[in-house]
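Accompanying notes for the structure given below.
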Amino acid sequence: QVQLVESGGGLVQTGGSLRLSCAVSGSIFPINTMGWYRQAPGKQRELVATITRSGSTNYADSVKGRFTISRDNAKNTQYLQMTSLEPEDTAVYYCNIGVVTRYYWGQGTQVTVSS
């Protein structure tokens with residue numbers, strides 16, 4: 001029932017920007033926590049950023065100052081504004097939400113930063 005659809009990924013040059021979106025449908029409960037994870041080939045999936053309903057955010061050290069997570073609670077949508085992108089940011093980015101005690105994942109969107 002619950003579906004998460006990411007969009008906004010693509011290919012950008014080093015120093016460029018992208019804005020990822022994650023639209024959630026089918027949730028009948030308020031979304032507690034929204035977040036983004038990413039996984040590069042051969043690497044572990046890692047947390048990028050999270051945001052609570054109240055707007056409290058948490059970022060991985062590697063993206064602090066460059067990425068901004070936000071959410072529109074009325075639209076059940078979250079965003080990841082990525083600036084000053086680096087080749088190390090290349091990965092599949094996955095949307096994640098926490099609803100009550102359960103977590104859901106999107107299918108992922110590819111972000112590629114060329115050098």
Practice problem: Give the number of residues within region 7-29 that are of a type outside the set (Gly, Ala, Ser), modelled with pLDDT of 95 or more and part of a strand (DSSP E or B). | Solution: 7
Quiz item: Within region 91-105, which residues are modelled with pLDDT of 95 or more, closer than 19 Å to residue 26 by Cβ and crowded, with 22+ Cβ neighbours inside 10 Å?
Solution: 95
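Under the condition of being among the charged types (D, E, K, R) and surrounded by 15 or more Cβ atoms within 10 Å (Cβ to Cβ), which residue from region 53-85 is nearest to residue 20 (Cα to Cα)?
That would be 71.
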Quiz item: When residue 88 is evaluated against the numbered criteria (1) among the acidic types (Asp, Glu); (2) open to solvent by 80 Å² or more (accessible area, probe 1.4 Å); (3) more than 18 Å from residue 114 (Cβ to Cβ), which criterion, by number, is the only one it fails?
Solution: (3)
Quiz item: What are the residues in region 19-44 that are surrounded by 15 or more Cβ atoms within 10 Å (Cβ to Cβ) and small (Gly, Ala, Ser), if any?
Solution: 21, 23, 27, 35
Practice problem: May I ask you to list the residues in region 61-115 that are assigned to a loop (DSSP other than H, G, I, E, B), touching a residue at least 24 places away in the same chain (Cβ under 8 Å), in contact with a Ser or Thr (Cβ under 9 Å, 6 or more places away or on another chain) and charged (D, E, K, R)? | Solution: 86
Exercise. State yes or no: is residue 47 open to solvent by 40 Å² or more (accessible area, probe 1.4 Å), over 16 Å from residue 109 (Cβ atoms), at pLDDT 95 or above and assigned to a strand (DSSP E or B)?
Key: yes
Quiz prompt | Pair list, Cβ under 8 Å, 6 or more apart: region 41-57 residue in contact (Cβ under 8 Å) with a residue 40 or more places away in the chain, other residue charged (D, E, K, R) and surrounded by 15 or more Cβ atoms within 10 Å (Cβ to Cβ) | solution = 45/38; 48/38
Practice problem: Please enumerate the residues belonging to region 30-44 that are part of a loop (DSSP other than H, G, I, E, B) and β-branched (Val, Ile, Thr). | Solution: 31
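The values are calculated or read from the model by the stated rules, or taken from the named source; none is laboratory data. Because the structure is predicted, anything quoted here is derived from the model rather than measured. Note that we place each Cβ from the backbone using ideal geometry, even for glycine, and neighbour counts take in every protein chain shown. Please note that ligands, DNA and RNA were not included when accessible areas were found on the heavy atoms of the full protein model with its side chains. Shrake-Rupley method; radii C 1.70, N 1.55, O 1.52, S 1.80 Å.
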